[in-house]
Structures are given as C-alpha cells and as structure tokens.
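Worksheet: the structure to be examined is printed underneath.
FYI, it's all coordinate maths here, none of it is from the lab. In this text, all values refer to a predicted model and were calculated from it rather than measured experimentally. Cβ: placed from backbone, ideal geometry, glycine included. Neighbour counts: every protein chain shown.
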Amino acid sequence: MKNIYENRKYVFGALLFLVVFIFIGKLLSLQVLDKSYRSTANRNVLRYIIRYPARGLIYDRTGKLLVYNEAVYDLMVSPNLVEEFDTSVFCDILEITHKDVDKRLQNAKEYSYYTSSPFLKQVSSETYAVLQEKLYQFPGFFVQPRPIRKYNKNVAGHALGYVGEVDEYTIENNPFYKMGDYIGISGIEKAYEEVLRGEKGVNVYMVDVHNRIKGSYQDGKKDRSAIVGTNIISTLDIDLQEYGEKLMVNKIGSIVAIEPSTGEILALVSSPTYDPSSLLGRGRSKVFKTLSSDTLEPLFNRPLMATYPPGSTFKLVNGLIGLQEKVIFRQTEFYCYGGYNSGSKHVSCHYHETPLNLPEAIQNSCNAYFCNVFRRILDNPVYPSVREGYNSWRDHVLSFGFGQKLESDFSYKVKGFVPMTSYYDRYYGKTGWSSLTVLSLAIGQGELGITPLQMANMTATIANHGYYFAPHIVKGIGGETVIDERFYSKHITTIDSVYFPIIINGMDMAVNGPPGSGSTARIARINDITVCGKTGTAENPHGEDHSIFVAFAPKDNPKIALSVYVENGGFGATYAAPIASLMVEKYLKRKIIRQWLENYILETDLIHSEKEN
Amino acid sequence: MKRRINKWSEIDWITIVLYLLIVVLGWVSIYSAVYNEEHDKIFDLSQRYGKQMILIFGALVIALLVVVTDSRFYSSFAYVIYAIVILLLIVVLLIGKEIHGAKSWFEFGPLRLQPAEFAKVGTAMALARYVSSKSFNIKNSKNVFNVIVIILIPAIFIYVQPDTGSALVYFAFILVLYREGLSGGILLIGILMMILFVLTLIIDKMVIIIALMVVGYLVFLIIDRNIKRFLIAALIYIGLSGTFFGLKEFAGLGLSVYFILILSLIISGFIYSFFIYFYRIRKAVLIYMLMLGSIIFTFTVNYAFDNILKPYQQKRINILLGMDSDPYGSGYNVNQSIIAIGSGGFSGKGFLKGTQTKFEFVPEQSTDFIFCTVGEEWGFLGTSLIIILFTILLLRILVLAERQRSGFCRIFGYSVFAILLFHFVVNIGMTIGLLPVIGIPLPFMSYGGSSLWTFTILLFVFLRLDISRLEYLI
C-alpha cells in the first residue's frame, strides 16, 4: 500500500546529512585545523616540578665546612586548578590564618592564573609530612622541595653573604631565574653565584584532575636532573674569623687579615655583625627589617664599604715616597718642636726625643717629621710646580691600591678617595694652593678616604717589600685550587723594594722598641713573634677619633698582615693595636697566652657605654 | 496465514554488523576511559569495562530472545508493555534509588536499572499501535491529542524524577508523526520558535519585537503586492501607537512602551479584520497571527527563562549561547570535553594514551562523554568513523522502515530512527560544544546497562518486525 507521505523520507535523509555535515565540519575545525587544544590539554595534565640543585658548599681554608644545605618544601599553587577546599584543615596544617590564605591565593592569581607560583615558602619537613598525606584534598596545590642554606657557625655573615629571592629586575634580565628562585645577594654567595648555583633540573609529571601525580611524562624523556652547585674553598680561617668577631663584640669597626704572599683574606670582620642564618627561613623579612633599621648598621660591610682617613698609618706610605723621590734618606733627621710650624700653619705633635731619623720617626709617629717629608716631596725642585709634585706623590699613592677598586672578588667595594689636583684647584684656584695647603695629607688626615681592606692591602704590600696580590676570599673552586688569573698577577708599587726594610724597621721599633724609647705600639708586642705595626688615629668630626692599627708578622717571611679599625676608639694603641696583636697571636700560635690583654678587649664595650654617656 | 521462514537468514545482517561494531568500539572506549594499570584484565568485574562486558553479553541474550519471540507479540502487547513501563515510572518515583538528586534507578544488588530508558520501548510500541490503527486520522484533533498524551505521560514522569535530558528525548516522536502526516507547518513553526527562543535570549526584547513587526509588514507587502494597502495598514498601526505615546507623554498615563506596542497591534488587528473581510486577503490573517504569536512567544520565553528554568539550566543555556564564559564553572564539562577532542588531532594520541580522559579531566567520560575518549585517542579518524557508522545505521533503519508494509512496523521503525537520531545528535553535539549539556548517553557506546539494553531491544524488535513482513502478508 502506497503511503501518501512516503516522500517525506527524503526530509529525514536530508536532516541526517545536515547533522553529519555539521558534525564533521565542527570536528574538522576542532581536531585538524585548530592546533591549540593539544597545548591546552598538556597544560591540564603536565606538572613541571623544578628540581633545585643543592648550592655548592663553602669550606674554610683549613677544610672546615662553613655553609651547607638543608631541604625545605615550598607549597606551590596553580590557581586555575584550585577548587573549594576545607580551609580550616588547610590552615591548621600550615599554621596560617584564613585571611592569609585568601591573600596568598589572590597574589598567586595576580602572578599567573595558569602557571604555578609559591603559595607558602619553606615549609618545614615536619609540616611537609602532615601536608603530604592530605594534599589530595587541596587540588591545585603541590609541594616543591628546595634546599636552603645552613651555617655550621654563625659567623662571617658579611664575608659569606646570604641568599635570597631574586628580584623582578633580575628575572627580567636573566632567563636563568624564575620567580621564587634564590640567588646570592652578598658576599661569596653573590660573587660566586654562577659557580655555587648549579643547574636546575625538571621532572615532568602527569597529574589527574585531582592533582594526583599519575606518572612520569613520556617515561621521563623530558626529565632533566639537577646538577649540584660547585663547592668553594674560601680563604677564610674560620677560627681566626670567629675570634676576630669575638674581639669586636660591643665595638664598631672592622678587622681585615690578609696572607701577604698570596693576597688571601684570612679574616674579614665587620662589627656589629649579624647571624647569617637569621636571613633565611620564613622570618627573613622581619629580621632584615630590624637589621636594616638598626642605627649601628649591622648590614653595612665596613671592611669593604667604609672609608676613613688613614691617620698616622699613612706615614708609612709618605716615608716610602720620600725615599723613592730621594728627598730623604734613612738617616735624614728633622727637629720637632712640639709640632710643625710654618707661617700660620701649625701641626702639633706629642712629646718625644728630637731630632729623629726616619725609622725613629715611625717608631714615635712624629707629625713634624712627616710634614717635612711631605713638603719636600711636593716642593721637589725636579718638578716645575707643586701640582706636578703632587701628581707624582699621588701616582705613588695609587700604586698601593688606594683610590681605586682593588680587584678583589667582592662585587661591591668602594674606591676610596685620593684627591686629584683638580679637587684643590676647585677650592683654591690653579695657583692658589701649595704644599702647605694640603699639609694634613702628610699625617693621613684631611680629604683621604681609605677602606680597611685597602689599608690591610697596604700593610701586606709593605710586608712583601713592594707588591701585592689583589685580596680575595676564594682559593679553590670545585676540586681545583685554581682561581681567576687576576689573583695571580703581582701588583708592583712604584717604590723600589730596597726602601721597604727602612720603613719595616720603623714598624718593628714602634712595637718592639725598648721601654722609654717612644714606641707607640708596645702593647702589640708578642714575646717570640716580631710584630711590625703602626698606629693611627683617624680624626672624626662627629665624635671620638677612630682607633687604627696596621701590622704584619712575623717580620721575616710574614704570614699575616692586617688592619684593625675601632670606631670612636681613640688612639690607635688603645684598642686597635691590642686587637691586631691578639689576632696575630691567634693565627700564628693558635692560642692566646696573654689572657689579661684578651680580657681587657673582651670587656671593652664602646657601644653601650657611649650610649649611656 | 503465517509462513515458516528461517529468521536467521532473513534478518538484516547489515544492521547487526553495524550494531556489533559500534558496541565493540564503545567497549574499547570504556576500557580506555577507566583503564588503570592495576586492573588491566578485561573481565575484571570491579571495573566498568568488566561490567560492560557482562552487560554486552546480556544484551546479546536479550537480542536473541527478542528475535525468537513471535512478532505479533509486540503489536498485541503494545499497550500492556506501555502500561507496565508507566507503572515502573511511577514506582521508581516512590521506591527508587536516589542518585545525584534524581530518583531514576531501581537497584537489584549489583544491577541498576533505569526505567526511563525502557519506557522508550513501551512508548514507541504504544505510539506505533495507536497511530497505525485504522480509525486513526492525523487531521483529527482528538486523535492528535491522544498521541500527545501517549508521548507526554512518560515524559512528564521522567521530568519529575528529575531527568530533563531523558524527558526531552520524547520530543523525538514528533519526527515520527511528521512521517505519518503531521503538517510540515507545525514542524516549521517549531523550528521558528527554537530560533526565536535563542534570539530572545541573546538580543534585546525591544529589538526583536520591532524587527518582527517590520518583517511582518514587509512580508505582507511582498505577498499582497499592493503598496496602498501596505501603507494603510502601516499607518493605522503607527497612528495608534503614536496616539498612545502622546497620551503617555502629555496626559501622563503610566503606560510601558511594550504595552503600547502590543496594545496598538491588537487594536490594529480589529481594524485589519474589517479590511481582510472586505478585500478577502486571507494570507494577511496568517501573517498577522504569526507576528502576534511570535511577539507573545518572545515574552513567554523571557518569562519562562527567568522564572521557570533552574539557575543551573539558565547557566548552561547562557554558556552555550556565549553569553556566559566561565570555563571553570558550569562550562567546565564542555570545556574539558572540547579540549579532549581537540587535542586528539587528526589521528589521535593512541589507545590508552589520552590524558584528558584517563586523568579524569573529562567528567562522566565512560557514560555521557564517551565520545571524548574516541576523539582524544583516535583523533579525527576515530570520530569520523563513529559518525559514519551511526549515519549508515540510521540510514539503514530508514530504508528498512520504508520497506515495511504494516503501519505498526514502519512507525516503530521510525520511532527507533527518531530516538537514535536524537541521542546521536544531542550527545555528540554536547561533547563538541554545539548543544547544551543534556545528560543523555551515546547509544550502544556509553557505559550503562539500561541504555545499552533499551537500544538493543528497540533495534532488535524492529529487526524482528522487519522479518515479519515475510511471515504475514498484512
């Protein structure tokens, strides 16, 4: 029987083909034409866990471990995967507040909705153990292990430096770093960042919708293991360093000790100091705030950054220049009538025998003697004018490493200041000044600005009879005891080595001269070690003068050269000389016999007593 | 009257082969969707693929039973079977197991049955029986009313469970009625309403109303081809609405703009009726009624959308219409589903290599979203194959239905066609983001006994009926 509506079957057929046409078209566009879904799917499922390499370890020169690593865990979050979760359980585990959770989530969202960022950093292993069990309840969160620094002894904060999170500027300019990475911020950690940091690795995992790891992606073909950072042997003698910090407790200042034959820094004390481990961990920012608002500036790296006038220690340099310029000889004597007088200019001096020759003038630290020397250098008739004389003097001074950045491995250091003629021209006009105008330079006062590191370097140069190696703090990288070539190049001063014994003789006498002979630093004497030293007092317009002492020992074949600064310590002999002497004793004898001297220094409190006044 | 024939040589093996192919591909996809290394035995009954294996064997047994049963059983017991499924739908509301907030399941130990699925069989039979009866006339409104009742009773009970998706399937029967003589106009109006429905939700109501009027008057002009009458009609309306606006502005009458527009249209209608009677232009009536009807429909949709639909339903529709982009909220399912299918590329990631489905980013990946597994692991080749298989199957059913000599068999065949088509279109349309998420399974492929068995019964009853055309010469 023929159905009148039979033709309608074609409508059904057409309808079916219309649907098929639309479906195939849509699938073609989804699956073949649009390639973006594959990456979207990968973003869903792939979890890149960065494997942070352990930072290289830092040892001291005797092989003692100073800095190592410990694992902590960063809780990461991918905001796009976060679902509603039990906030109170979450807060209990992590010991944070609900408000905190909201804020941190918001921050993470602002950073990126799709890529993960740290939610809570440095979760302890104990918390991690609890968290790991419950992590499946918190989709979008995962844990990333990361090593942090640990210190065997909480000393040498300024020398070792610390690590902290990279700032945005670094992230933008260096593709190695990602947000939340750590980088050396100061000291060795910064100077040798590229050696210490190692190479990051990555594990690519697949996770399911509940953020549970389901296995390695492509059987681990895309994984890269982390390469551990290279170890570093520092030049520090940690016992000496620790002892130096102990001596400097309750004093402001610095100690720099250098091995003259190599330029290796044995101790680098900046006081007041800080506990390097306090700048790690979750309390870091709080500690940092306290430290940076402290009026005593514990974060200020005094040995490298502070500049002082060198005071009488500079007489050593002026003496050497005088000898080199042949304006004086060893036996040249000058009278001192309680000081130096020329026209309206008067530089006073303390009482001592007179006249004195050069070593005796150093022994007694005679101001008048070096005023005479300095004027002879500048007014030397071989130069057509005082400006040429001055320039010649300045060239000699610079050859000691003053007024320029020593090529040490620290990335920050200051040049210090040795004025150029133009400096005086500006004040007095080109012809308006003479050797008398700049006379204070003769005794290391006035415009000179010199860092404790430069001063220690000068001492090492004298100990070496006229050359130095750039002071440095690292002596070995990895297994090798080879470091940058620049630390092997000899910097030779403009002074002939024959002149140095004369000055060294004076320094010997300053410490070891018989009682009553006018030796200024007898307090630094050690019975069976010939310490050569020179006191200095830096004038301080803001208060009590700074006590300075430079020394090296032993006299023959010197092992240690140092500079000690004690701010507001008065005369060089008062505090700086005993401290230097104790450091020498500690380094060369490894134990302190002069208990009375040690106690005198340990009991000295220049910070609190000053405040009480 | 009955001839003895060999059922197994006469049965349509093309359909059976297609059926088996799709079922096996479905099982493979389920295996892949729920696969994990700990349970890789295909008969592991703790896993869905193990259970589905049993369900497939069950389906084959049912198919066998269906074929050996006398074909007259189905027409004779059509109403009884219908009554039984309706009864089951009522009982499930009383003692059914509630899962995901819907009382849709009977639980017998490990077996869960969904009467809403089996109700399709009963409804198809009852519809076929009623429409094929000699006294039935599609032009008779009482008969049409009864047909609507037959279709709506199960749909309403299912809607109450609530299982909106399964209830919507019953609209598919309208297609069957069209084949049996339902006016194409009704179908067209239905399509028009759907378009209008979508437009209403996207575009501002005012724009639609004005656009409808402009279109109405223009259609009148085109059909009537008389500019004078067109101008008169337009001026009447403009004059009336202008008057009302004047009253609103100067007499301070608190009339809303919508109210003025519609009131003017209705009053114009009275005036038009005089002209229509005078000039005998009957087409104008139709145009006027369509125009007014559409405008009222627009208001109804707006009202219904805001007041009747549940918020999650509103959200799903909004997302589909691109009015709401919330890829991690309500749109999550579709979004992940599209990512899964899209990431498959041309040839797919390979068997068991799909990450979207394997790691549960796609929800319901073994049931409603099984097509994603195919799309991700077998790519465009896989999805095209599935679509082609379904197309051939549907075409084959169409051909078989058309060769029936009895109305009952043809109508039942068309019912099978319509239901399969609806599931096919809505399920795949949903997974590729063309249609809103309506949770209905992909026939023969989705995990679940009720759906598999129901479609098996539908298909094999039809194949059994197909053989019967050689047995009985009705």
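Averaged across orientations, what area in nm² does the convex hull of the alpha carbons in the protein assembly as shown project?
69.1 nm²
What net charge do the residues around B:Phe299 carry, taking every other residue with its C-beta under 14 Å from that of B:Phe299, with Lys and Arg at +1 and Asp and Glu at -1?
Net of charged neighbours comes to -1.
Where the only charges are on Cβ atoms (+1 Lys, Arg; -1 Asp, Glu), what is the dipole of the protein assembly as shown about its Cα centre, to the nearest 20 debye?
5620 debye
Can you check what the net charge comes to around A:Ala41, using other residues whose Cβ is under 15 Å from the Cβ of A:Ala41 (Lys, Arg +1; Asp, Glu -1)?
+3
For the range B:1-142, list log₁₀ I(q)/I(0) at each q in 0.13, 0.15, 0.21 Å⁻¹, using the Debye formula over Cα point scatterers of equal strength and ignoring solvent, two decimals each.
-0.87, -1.07, -1.32
How many partner chain Cβ atoms sit within 10 Å of a residue's Cβ in peptide A:10-17, on average, as a whole number?
Mean inter-chain Cβ contacts per residue within 10 Å come to 5.
Quick one: of A:Lys64/A:Lys415; A:Lys326/A:Lys534; A:Lys9/B:Lys142, which pairs are farther than 30 Å apart, Cα to Cα?
In this structure, A:Lys64/A:Lys415 lie more than 30 Å apart at Cα.
How much space per residue, in cubic angstrom, does the convex hull of the C-alpha atoms of the range A:158-204 take up?
Roughly 79 Å³ of hull volume per residue.
The range B:113-214: which trypsin sites (Lys or Arg not before Pro) are DSSP loop and have at most 12 other beta-carbon atoms within 10 angstrom?
Loop-located and lightly packed - B:Lys134, B:Lys139.
Report, in debye and to the nearest 20, how large the dipole of the range B:196-308 comes out about its Cα centre when Lys and Arg carry +1 and Asp and Glu carry -1 on their Cβ.
Computed about the Cα centre, the dipole is about 540 debye.
Given labels modelled 7 Å from the Cα in the Cβ direction, how far is it in nm from B:Tyr472 to A:Ile185?
The modelled label-to-label distance comes out at 9.2 nm.
Stokes-Einstein diffusion coefficient for the range A:458-613 at 37 °C in a medium of 0.692 mPa s, Rh from the Kirkwood formula over Cα pairs: what value in µm²/s?
Result for D is 193 µm²/s.
If I histogram all Cα-Cα distances within chain A using bins 20 Å wide from 0, what percent of pairs lands in each bin?
The percentages, shortest bin first, are 18, 39, 23, 13, 4, 2, 1, 0.
How fast does the range B:196-308 diffuse by Stokes-Einstein, in µm²/s, taking the Kirkwood radius from C-alpha pairs at 20 °C and 1.002 mPa s?
After rounding, the answer is 142 µm²/s.
Bin width 5 Å, alpha-carbon pairs only: give the P(r) of the range A:99-191 as whole percents, running from 0 to the bin holding the largest distance.
Spelled out per bin, shortest first, that is 3, 10, 16, 20, 18, 15, 11, 6, 1, 0.
With respect to the cross-link table entries A:Lys190/A:Lys475; A:Lys251/A:Lys589; B:Lys120/B:Lys310; A:Lys150/A:Lys200, which display a Cα-Cα separation exceeding 18 Å?
As for pairs spanning more than 18 Å Cα to Cα, those are A:Lys251/A:Lys589; B:Lys120/B:Lys310; A:Lys150/A:Lys200.
Would you calculate a helix-derived [θ] at 222 nm for chain B, using -39,500 (n - 2.57) for each DSSP H run of n ≥ 4 and dividing by the full residue count, to the nearest 500?
-24000 deg cm²/dmol
How far, in nm, would the chain grow between B:Phe346 and B:Phe106 when pulled straight, counting 0.36 nm per residue and subtracting the alpha carbon separation?
Here the answer is 82.2 nm.
Modelled label-to-label distance, A:Asn42 and B:Gln313, 7 Å Cα→beta-carbon offset: nm?
Using points 7 Å along Cα→Cβ, the separation is 4.2 nm.
Taking only the C-alpha atoms, wrap a convex hull around chain B and report its volume per residue in Å³ as a whole number.
185 Å³
Can you compute the FRET efficiency between B:Asn6 and B:Met193 using 1/(1 + (r/R0)^6), with r the Cβ-Cβ distance and R0 = 60 Å? Round to the nearest 0.05.
Taking R0 as 60 Å, the efficiency between B:Asn6 and B:Met193 is 0.75.
Compute the Kirkwood hydrodynamic radius of the range B:97-221, taking the inverse of the mean of 1/r over all pairs of distinct Cα atoms, and give it in Å to one decimal.
17.6 Å
Looking at A:Leu378, A:Ser399, A:Pro276, which one has the Cα that reaches farthest to the positive end of the dipole of the range A:269-425 (charges on Cβ: Lys, Arg +1; Asp, Glu -1)?
Of A:Leu378, A:Ser399, A:Pro276, it is A:Pro276.
With +1 on each Lys and Arg Cβ and -1 on each Asp and Glu Cβ, and nothing else charged, work out how big the dipole of chain A is about its Cα centre, in Debye to the nearest 20.
For this selection, approximately 1780 debye.
Apply the Karplus curve 6.51 cos²θ - 1.76 cosθ + 1.60, θ = phi - 60°, to the phi angles in the range A:546-563 and return the couplings in whole Hz, x for Gly and Pro.
Running phi through 6.51 cos²θ - 1.76 cosθ + 1.60 with θ = phi - 60° gives 8, 8, 10, 8, 10, 7, 9, 7, x, 4, 9, 6, x, 9, 8, 10, 9, 10 Hz.
Going toward the positive end of the dipole of the range B:196-308, with +1 on Lys and Arg Cβ and -1 on Asp and Glu Cβ, which of B:Val198, B:Leu231, B:Leu290 do you reach last?
Most positive-ward Cα: B:Leu231.
Given R₀ = 41 Å, what would the calculated FRET efficiency be for B:Leu20 paired with A:Ile4, taking r from the Cβ atoms and rounding to 0.05?
So the FRET efficiency works out to roughly 0.65.
Given C-alpha coordinates of the range A:266-317, what is the ratio Rg to Rh with the Kirkwood estimate of Rh?
On the Cα set of the range A:266-317, Rg over Rh gives 1.15.
Expected output is a single nm value to one decimal: the length gained when fully extending between A:Gln404 and A:Lys286, i.e. 0.36 nm times separation in residues minus the C-alpha distance. What is it?
38.9 nm
Sum up the charges of everything whose Cβ sits under 13 Å from the Cβ of B:Leu127, counting Lys and Arg as +1 and Asp and Glu as -1, but leave B:Leu127 out.
That works out to +3.
Take the Cα of A:Ala71, step 7 Å along the line toward its Cβ, and report every residue of the range A:128-166 whose backbone nitrogen sits under 12 Å from that point.
Answer for the range A:128-166: A:128-129, A:144-148.
If you build the Cα gyration tensor of the range B:386-467 and take the root of 5 times each eigenvalue, what three semi-axes come out, in whole angstrom, biggest first?
Semi-axes (√(5λ), whole Å): 24, 14, 10.
Let a ≥ b ≥ c be the square roots of the eigenvalues of the Cα gyration tensor of the range A:346-448; is it rounded (a/c under 1.5), or, if not, prolate (a/b larger than b/c) or oblate?
oblate
Using the alpha carbons of the range B:328-474, what is the convex hull volume per residue in cubic angstrom, as a whole number?
107 Å³
For A:Lys99, give me every one of the lysines with a C-alpha distance below 19 angstrom, ignoring sequence neighbours fewer than eight places off in its own chain.
Within the straight-line cut-off, A:Lys99 pairs with A:Lys109, A:Lys121.
If I take the Cα coordinates of the range A:417-482 and project them onto the principal axes, what are the three extents in Å, biggest first?
Each principal axis gives a Cα extent; for the range A:417-482 these are 59, 22, 17 Å.
Relative contact order, percent, of the range B:196-308 when contacts are C-alpha pairs under 8 Å separated by at least 6 residues?
Relative contact order of the range B:196-308: 42 percent.
What chymotrypsin sites (Phe, Trp or Tyr not before Pro) in the range A:343-427 are in a loop by DSSP, with at most 16 other Cβ atoms within 10 Å of the Cβ?
The qualifying sites are A:Tyr351, A:Tyr412.
Could you pull out every residue, at least 5 positions away or on a different chain, whose amide H is within less than 5 Å of the one on A:Phe119? Hs are placed 1.01 Å off N in the peptide plane, and Pro or chain starts have none.
Here A:Leu75, A:Met76, A:Val77 satisfy the definition.
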